[in-house]
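In what follows, a structure is listed as structure tokens, so that the remarks can point back to it.
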Amino acid sequence: MNKEIYFIRASNDRFGGAEKYLSRLSKGLKEINIPHKVINSKLPKFLPSWLRVILFNLQVSLFKENKNGKKVLFGGYPKGCDKKMIVWEKVAEKEPHIVWQYTRNNTLKKENFDMTDAYTCVRGFMLKNKLW
């Protein structure tokens, strides 16, 4: 499976030590043919950093190009798709050992979607604090 690496930066500024490091890193990755993207964050800086991490993860995994080439949330999916189910599928794929709850009709209970929301928040927080 060929995965792409994403780097996020707070602004599109060419100055500063972090920006110089990121440009050298990007150039080095290009030379050895490792796919990557540098994304400029459009998230407001007043948001807590743990929330920006969660929103960034959603941006990377769920923002796809639509038929006009514009990146939109769930853009790679058909209109009217079940977005909660898509997020659940991504969590279930990442954590196959979780036991999910089903109704008598063999459909997912609503509590599962609360669990996926909680998982996304905790994962973002733990990744931000380098605990995972």
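The values are calculated or read from the model by the stated rules, or taken from the named source; none is laboratory data. Nothing here was measured: the structure is a model prediction, and the numbers come from that model. A quick note on method: Cβ atoms are made from the backbone with ideal geometry, for glycine too, and the neighbour counts reach across all protein chains shown.
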(request) Among what's in the range 90-132 and is of a type in the set (A, V, I, L, M) and in a loop (DSSP other than H, G, I, E, B), pick the residue that is surrounded by the most Cβ atoms within 10 Å (Cβ to Cβ). (result) Ile98
(message) I'd like to check something: does the range 7-14 contain any residue that is modelled with pLDDT of 70 or more, surrounded by 11 or more Cβ atoms within 10 Å (Cβ to Cβ) and of a type in the set (Lys, Arg)?
(response) yes
(message) Only one of Val60, Val87 is in the same structural domain as Phe125 (by TED's automatic domain parsing), modelled with pLDDT of 75 or more and outside any strand (DSSP E or B). Can you tell me which?
(response) Val87
